[in-house]
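Heads up, the thing below is written out as structure tokens.
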Amino acid sequence: MGGPQQGIFLKMNLSVSMNKLKICVFTGTRAEYGLLYWLIKGLSEDPCVDMQLVVGGMHLSPEFGLTYREIEKDGFTIAEKLETLLSSDTATGISKSIGLGIISAAECFERLKPDVLIVLGDRYEVFAVATAAMISRIVIAHCHGGEATEGLIDEPIRHSITKMSHLHFTSTEKYRHRVIQLGEQPDRVFNVGALGIENINRLTLLGRQEFETSISSKLKSINILVTFHPVTLESSSAEGQFKELLKALYEIEDSLIIFTKANSDTDGRIINQLIDQYVFSHPDTSVAFPSLGQLRYLSALQYIDFVIGNSSSGLIEVPSFKKPTINIGDRQRGREIGETVINCDPQYESIKDAIRIALSKDFNNAIQHSKNLYGTANASDKIIQILKSSRYDEIIKKKFFDLT
């Protein structure tokens, strides 16, 4: 794991030492759940842990696929469902969802009384749940802190969650140093690698025919996976950027375009409407899904020629398949990127040039020896061991760490 980070070693709370450690995991989106899957599974199977799974946000929305049902199909028991998502993706609606989330999470924690809360990333649902946990004096363990997405409101949200948290599990050493730079104690910050990499190594991915059956479409000469989400801090609108992308995709001959729909951020519905319109007009060359799920998503990466959009998965998971990612605009600006990523502006000509590079033999040959900056596997095992070896009665008392 690197660095002086071999445990917390504070006095253990008597109630924790005599009983199972009650660890609550929160998930609010399909993508986040996919990253947390093996951690949830490991905790649920550990005899020393009482795992409490809490879901909310997009998981409970019919518009976004009611993905809590996928969690139940995976065999997990959901301890609580937090009704937080309002039928609005405006700034006002999201602010109201945060308020509702804090109220719902506070009531949930009063009932469950967890020792530790695990959260991942930077979304507003996570911010709401972490706020309630902080006020309830629950130890918060934050995964994927220290990263940067300068084109989103998620940027300050992530760092705010870091400051509310007590244990930190980062995906690279650079991000570990960023968390320490924010004033967190070095022996509470652990570089474990990216959680999503485990899915690639642990899941048995679908064969070509199985995958085609699962999406009810035949693959073509060129196959493209589109993962595009709202841009909240860029000057051009999400609608304008996505229309530029669709214009460039339309010109690719003998191609199948697989769309995964946008999340519930501001303007998410506009993107999804454009996807529906495109698929309706081009049913033989495109398909769309509210959620592919981890198995279909990772299986798709075996067969696509490139991923295009602005999702973090293109930077973190896709490089393990040595496939090109075209990263559009500033949504992921600030993240570490590897050799498989092609950055471009959210304009037609720039996107078209990036597609040309992604389809070129020279670029594809060059990336076959690339390495994924975000690690290989076993992040969940590392996290579980750290959680079980940590002591909790004093950890709630945070001190600011000065670099000098």
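Bear in mind these aren't lab numbers, they're just calculated from the coordinates by the rules spelled out. The model shown is predicted, which means the values in this text are computed figures rather than measured ones. Every residue, glycine among them, receives a Cβ derived from its backbone with ideal geometry; neighbour counts consider all protein chains shown.
Values as computed for the structure displayed
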| quantity | calculated |
| --- | --- |
| Cα pair distances exceeding 30 angstrom across the stretch 205-369, given as percent | 8 percent |
| Phi to ³J(HN,Hα) by Karplus 6.51 cos²θ - 1.76 cosθ + 1.60 over the stretch 299-305, Hz, x for Gly, Pro | 4, 4, 5, 5, 10, 7, 8 |
| Cα-based reach from Lys322 at 12 Å (exclusive), listing aspartates and glutamates while leaving out same-chain residues under 8 positions away | Asp305, Glu339 |
| Förster radius 30 Å - calculated FRET efficiency between Lys371 and Ile103 (Cβ-Cβ, nearest 0.05) | 0.10 |
| Length gained when the stretch Glu253-Ser389 is fully extended (0.36 nm per residue, less Cα-Cα span) | 43.4 nm |
| Leu359 paired with Ser214, simple spin-label distance in nm, labels 7 Å along Cα-to-beta-carbon | 2.6 nm |
| Alpha-carbon radius of gyration plus Dmax, which is the widest Cα pair, for the stretch 105-217 in Å | 17.1, 51 |
| For Cα extents along the principal axes in Å, calculated from these coordinates, the label among (i) 67, 51, 38; (ii) 66, 43, 42; (iii) 60, 51, 35 | (ii) |
| Ratio of Rg to Rh over the stretch 148-290 (Cα coordinates, Kirkwood Rh, two decimals) | 1.07 |
| Per-residue HN-Hα couplings for the stretch 364-379 [Karplus 6.51, -1.76, 1.60; θ = phi - 60°; Hz; x = Gly/Pro] | 5, 5, 5, 8, 5, 9, 6, 10, 7, 5, 9, x, 10, 6, 6, 4 |
| Entries in Lys96/Lys388; Lys41/Lys323; Lys218/Lys323; Lys20/Lys382 that, when Cα-Cα distance is taken, lie over 25 Å | Lys96/Lys388; Lys41/Lys323 |
| Total charge dipole magnitude, the chain, about the Cα centre, Cβ charges on Lys, Arg, Asp, Glu only, Debye to nearest 20 | 1020 debye |
| Estimated vicinal HN-Hα couplings, Hz - the stretch 32-48 in sequence order (Karplus 6.51, -1.76, 1.60; Gly, Pro = x) | 5, 4, x, 6, 8, 3, 6, 5, 4, 4, x, 5, 5, 9, 7, x, 8 |
| Fraction of alpha-carbon pairs over 17 Å apart in the stretch 35-170 - percent | 61 percent |
